[in-house]
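Below you will find the structure I want to go over with you.
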């Protein structure tokens, strides 16, 4: 006998978790589509040279490779998008808006809470540098979290060219990677150590202090942008960043988004070395410590390793598994493990056709309905229904058939009522609302 | 520069194909759920010993393996279900009804039209031997094809125990694998060669002729079953098979299924060596040569290699990629490559907020809407809209804003109309119906 088990670092999804996961994916699909993003799919495996091409040291190390193959498992959906865009952009045309919901794999050593397989849920607009696509990206994130049922969330926005404008003015633009690396540690190590780290990177004390003052800016988007003007005045890139963000905040106001959900945070340093324009991070107000559950930004040239065509783009990625963990912690997940709402219990096996006919009537009315397969003891059938999380059970034996009415049991309250056959669908539709 | 290309035997799905594929998966999910099947997911990789455990020589050969790993990529969703059921059945309880829509991989040498990665779309009921689950399986297949928009399809049903009953009576039950193998070739090689092949397997001429007479039975299910009675009379297994099929045909009649879509075909031999009870194959009447697009059956003991618990089951698998190819051939696929219905063209970049506000109003009314990101020439924007397959374009420049009305262009007929802002949503909803 072979012991049934998953490979280390991998996991099964049982119905309750999988139903929640499918719900998230469905909502994401619906919102992405409502903006005209189209689905694509790419293979699980890509040539190693393609995957390595765009990767950093860290992703290379984490890549799920096989020593006997010249291909490996994709570790994200961005590299496959770059390869896909380079290969097909002639057919697709621009602007090209795609979403991609698919698993990715990491070869890192498995540890508690870290898995080697997880689902990504990305959307991107390729082939345009229009700021309206940046603004739309923000709107998609906003609508996505609203559609998922969250009321309290904050999308923090930043723009790479604000800090670059400052560094430009200070004459240390070439140090931007070192500055970002130091700034990223600010919440953990504090001002003094960040200054020390910048000093090690040969950034003078005055510049370092200026960068820290900049990163400390607080207030409404308008207030912050007015202060940023002083920091970057005269730098074309800095002024472009300010103009883009001004347009972003003005547009979402006219478009009617809840402005309190969008904040300008010039201290965001993460991702700034990868992105070249607007940057997004999304936090749940009730669980800020879980980190960003939807992040993204604008990049200049997605597919430079695979084509000479310049393909700027902007997009974001929903962290499905992190969000699922958050929703579990916030008690937002249903405990049901069945998508059906009604269980028709079975009393009399000789009436199978009638049970099936009833189930078809309910399904045709949009009520997902299961028929218990065998005439087991009614208590056993109720236990099954309660464990799975059905809302209602219909009891139908000889008495019910001859009276032309059904016993409908509410499995939450355990109350039951006699319902006339002609009333049954209306009764259940009202009850299930 | 790295040449952008997929690994040999793998392919990309561009938006038009992927939208059709997503539609099929969504319909399958909806139908499976309406019967109370729950989603699960399992890892792409499983330990090789688990995958090899249940495989035949053929699947072993086709398995996508790596010489440096003790795990490999799953080649179907049945072995992972067996492993999953053995591992979790205590938590899940029985009956357990699951669906699983996920990619699988085959290591076979790539050739034209054969891919190494494809999507499977399975549903199964585990842990009950009730014939009602067999009947429900048939009903699910029926509803699935109806929901997919097919009117003319035939589900061919057979039962392993009919032929077994005959072999039982003939005293050659132990030759059943050889009989099935020979019968499977009947359409290709004809009666005489099938008899010759059975002779090689030491099956006497009289028995071989009897088997062929049996496989030739034609008529309505009732007529065939009456004739089968003569062939298997006295064999308990044969009579059980007849009783199960009688109940199946009686039940679907009462339940109101279109009986003309369900045929009894005792010549089906494929899958009979794997399945132990009812068997299903589904053919599109307009494209019978493409083969079965949804097949399945009942099995006695799913997880015998991984647990001592007896887990009988019944289920079927939708051949997603084959069905997609068939729908393309039948002209049933839409040619659109965008899920959005309306494109708002952009004339005046300074009115971005108003364009975005309009798009939000349309989305809130359930109309998927894209905003063109830049004020390019209107002809270019129309070309974009036509190429992608949008239904309608809204033109909104200075004149339209001041008049409070929009120019709505039907991209199919190329007619355009002025529509008052207050009427716009009702107008589009009616037009898109």
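The values are calculated or read from the model by the stated rules, or taken from the named source; none is laboratory data. Computed from a predicted structure; not experimentally measured. Reconstructed Cβ throughout: ideal geometry from the backbone, glycine too, with neighbour counts over all protein chains shown.
Under the condition of being more than 39 Å from the chain's Cα centre (by Cα) and not in a loop (DSSP other than H, G, I, E, B), which residue from region A:355-385 is surrounded by the fewest Cβ atoms within 10 Å (Cβ to Cβ)?
A:379
Taking region B:219-251 only, how many residues are touching a helix residue (DSSP H, G or I) at 6+ places or on another chain (Cβ under 7 Å) and without any contact (Cβ under 8 Å) to a residue 24 or more places away in the chain?
3
When you scan region A:37-67, how many residues do you find that are outside any helix (DSSP H, G or I), more than 7 Å from chain B (Cβ to nearest Cβ) and at pLDDT below 95?
Residues flagged as outside any helix (DSSP H, G or I), more than 7 Å from chain B (Cβ to nearest Cβ) and at pLDDT below 95 within region A:37-67 amount to 5.
Let me ask something additional. Check whether at least one residue in region A:341-354 is facing chain B (nearest Cβ under 10 Å), closer than 19 Å to residue B:92 by Cβ and buried (at least 20 other Cβ atoms within 10 Å of the Cβ), and report yes or no.
Looking for residues that are facing chain B (nearest Cβ under 10 Å), closer than 19 Å to residue B:92 by Cβ and buried (at least 20 other Cβ atoms within 10 Å of the Cβ), one finds at least one in region A:341-354, hence yes.
Any residue that is within 7 Å of chain B (Cβ to nearest Cβ), assigned to a helix (DSSP H, G or I), within 20 Å of residue B:5 (Cα to Cα) and touching a helix residue (DSSP H, G or I) at 6+ places or on another chain (Cβ under 9 Å) - is there at least one of those in region A:24-36?
No, region A:24-36 has no match at all.
Is it the case that residue B:160 is surrounded by 13 or more Cβ atoms within 10 Å (Cβ to Cβ) and within 29 Å of residue B:293 (Cα to Cα)?
Criteria met by residue B:160.
Still on this structure, I have one more. Can you tell me how many residues within region A:79-95 are more than 9 Å from chain B (Cβ to nearest Cβ) and crowded, with 24+ Cβ neighbours inside 10 Å?
Number satisfying all stated conditions: 1.
Also, I was wondering about something else. Look through region B:8-23, keep the residues that are without any contact (Cβ under 8 Å) to a residue 40 or more places away in the chain and at the interface with chain A (Cβ under 7 Å from one of its Cβ atoms), and return whichever of them is farthest from the chain's Cα centre (by Cα).
B:12
A quick yes/no check of all residues on (1) farther than 24 Å from residue A:138 by Cα; (2) modelled with pLDDT of 95 or more:
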{"position": "A:76", "(1), (2)": "no, no"}
{"position": "A:80", "(1), (2)": "no, yes"}
{"position": "A:102", "(1), (2)": "no, yes"}
{"position": "A:111", "(1), (2)": "yes, no"}
{"position": "A:114", "(1), (2)": "yes, no"}
{"position": "A:126", "(1), (2)": "no, yes"}
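Another question, if that's okay. All but one of (1) free of Cβ contacts under 8 Å to residues at least 40 places away in the same chain; (2) out of contact with any strand residue (DSSP E or B) (no Cβ under 7 Å at 6 or more places or on another chain) hold for residue B:382; which doesn't?
Just one mismatch for residue B:382, condition (2).
Mind checking which residues of region A:356-371 are facing another protein chain (nearest Cβ under 8 Å) and in contact (Cβ under 8 Å) with a residue 24 or more places away in the chain?
Those that are facing another protein chain (nearest Cβ under 8 Å) and in contact (Cβ under 8 Å) with a residue 24 or more places away in the chain: A:368, A:369, A:370, A:371.
Here's another thing I want to ask about it. Somewhere in region B:184-199, is a residue in a helix (DSSP H, G or I) and in contact with a strand residue (DSSP E or B) (Cβ under 9 Å, 6 or more places away or on another chain)?
No; the residues of region B:184-199 include none that is in a helix (DSSP H, G or I) and in contact with a strand residue (DSSP E or B) (Cβ under 9 Å, 6 or more places away or on another chain).
For region A:153-176, indicate whether the set of residues that are within 14 Å of another protein chain (Cβ to nearest Cβ), in a helix (DSSP H, G or I) and under 25 Å from residue A:97 (Cβ atoms) is non-empty.
no
Exactly one condition in (1) assigned by TED's automatic domain parsing to the domain that holds residue A:146; (2) touching a residue at least 12 places away in the same chain (Cβ under 8 Å) is not met by residue A:91; state its number.
(2)
Within region B:285-297, take every residue that is crowded, with 20+ Cβ neighbours inside 10 Å and out of contact with any helix residue (DSSP H, G or I) (no Cβ under 6 Å at 6 or more places or on another chain) and give me the one that is farthest from residue B:163 (Cα to Cα).
B:292
More than 21 Å from residue A:9 (Cα to Cα) and either in contact with a helix residue (DSSP H, G or I) (Cβ under 6 Å, 6 or more places away or on another chain) or at the interface with another protein chain (Cβ under 10 Å from one of its Cβ atoms) (or both): does that describe residue B:109?
Against the criterion (more than 21 Å from residue A:9 (Cα to Cα) and either in contact with a helix residue (DSSP H, G or I) (Cβ under 6 Å, 6 or more places away or on another chain) or at the interface with another protein chain (Cβ under 10 Å from one of its Cβ atoms) (or both)), residue B:109 does not qualify.
Sticking with this one: Within region B:261-284, can you find the residues that are at pLDDT 95 or above and surrounded by fewer than 19 Cβ atoms within 10 Å (Cβ to Cβ)?
Correct list: B:263, B:265.
Scan region B:213-258 for residues that are within 14 Å of chain A (Cβ to nearest Cβ) and part of a loop (DSSP other than H, G, I, E, B) and jot them down.
Across region B:213-258, the qualifying residues are B:256, B:257, B:258.
Of all the residues that make up region A:130-147, how many are touching a strand residue (DSSP E or B) at 6+ places or on another chain (Cβ under 9 Å) and more than 9 Å from chain B (Cβ to nearest Cβ)?
Total satisfying the criteria: 9.
While we're on this one: Would you check which residues across region B:112-125 are within 11 Å of chain A (Cβ to nearest Cβ) and over 13 Å from the mean Cα position of the chain (by Cα) and list them?
B:115, B:116, B:117, B:125
Of everything in region A:283-307, what is part of a strand (DSSP E or B), over 19 Å from residue A:224 (Cβ atoms) and under 16 Å from the mean Cα position of the chain (by Cα)? Give them in sequence order.
A:284, A:294, A:295, A:296
If you don't mind, there's one more thing I want to ask. Can you work out which of the residues in region B:398-417 that are within 17 Å of residue B:355 (Cα to Cα) and loosely packed, with under 11 Cβ neighbours inside 10 Å is nearest to the chain's Cα centre (by Cα)?
Restricting to residues being within 17 Å of residue B:355 (Cα to Cα) and loosely packed, with under 11 Cβ neighbours inside 10 Å, the top hit is B:404.
Now for a different question. State all residues of region B:308-337 that are over 15 Å from the mean Cα position of the chain (by Cα), under 20 Å from residue B:142 (Cα atoms) and free of Cβ contacts under 8 Å to residues at least 60 places away in the same chain; if no residue qualifies, say none.
Across region B:308-337, the qualifying residue is only B:330.
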